[in-house]
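Below is one structure, written out as structure tokens; the observations come after it.
The values are calculated or read from the model by the stated rules, or taken from the named source; none is laboratory data. Nothing here was measured: the structure is a model prediction, and the numbers come from that model. When we count neighbours, we look across all protein chains shown, and the Cβ atoms used for this are built from the backbone with ideal geometry, even at glycine. Side chains included, ligands, DNA and RNA excluded: accessible areas come from the protein's heavy atoms. Shrake-Rupley method; radii C 1.70, N 1.55, O 1.52, S 1.80 Å.
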Amino acid sequence: MRMILRFFTGLIILGVMLLALGGAAAVFDITRRTTIETYFFAPNNLSAQRIEMPLTAQELGPAKMRQMLVERYVTEYFYVIPDVADAERRMDTGSTLDRMSMPHVFKQWVRGPGAQIRELAAAGVFRTVRVTNDIYKPDDSDFWVVHYELSTWARPNNMREEPEYTTGTILLKIDDTNMMELRTDADINNFIESGQDPASIFRFGVLDIAQERG
């Protein structure tokens, strides 16, 4: 009885293998000499996920450049990683925020949000920043309106912890007259190769922060 069962089991396995071979032959017919043409897509205008050369500032255009520079500024203004040294580096002269802000704006940040970020970093907090819309400037205002969302983890190493989401609006008065041009006060190649933030080499600056509300 056992031998008969093994015989029929072998027949079933053989039948399954023949069906699989037949299916593979139907999908891939070697007699047709089918070839596969590969295509590469470059979905990003910058270096991320792009095989070709990144677009220049002129190719991106003023609106896109302004949006990107403001997004970078707001990210630098709010983000937190659990590293006090990172917070203190951002508060130093010559940091990204310092280079992209008027002196009084940077000093206000150091005394207020910067000091809070240092405390949060010391407590092990992790916070990300996302600008949630295209920035815009009302006709009767000199300030650009930027809506953002913060995601905060009080204990980032706890995989079970859900982040706290908060939203807010920051109003920025910016100097973007010559933002498509590069600064001339530094060697650009050495500046980039030393790991400095590329956003701070453009002639773009925040003149004032009129209001921030949650």
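Every residue in region 82-110 that is more than 26 Å from Pro163 (Cα to Cα) and over 22 Å from the mean Cα position of the chain (by Cα), please.
Within region 82-110, Asp92, Thr93, Gly94, Met102, Pro103, His104, Val105, Phe106, Lys107, Gln108 meet the criteria.
Test each condition in (1) at pLDDT below 95; (2) under 21 Å from Ile209 (Cβ atoms); (3) open to solvent by 40 Å² or more (accessible area, probe 1.4 Å) for Trp153 and report the one that comes out false.
(2)
For region 182-208, name all the residues that are at pLDDT 70 or above and over 23 Å from the mean Cα position of the chain (by Cα).
Arg183, Asn190, Leu207, Asp208
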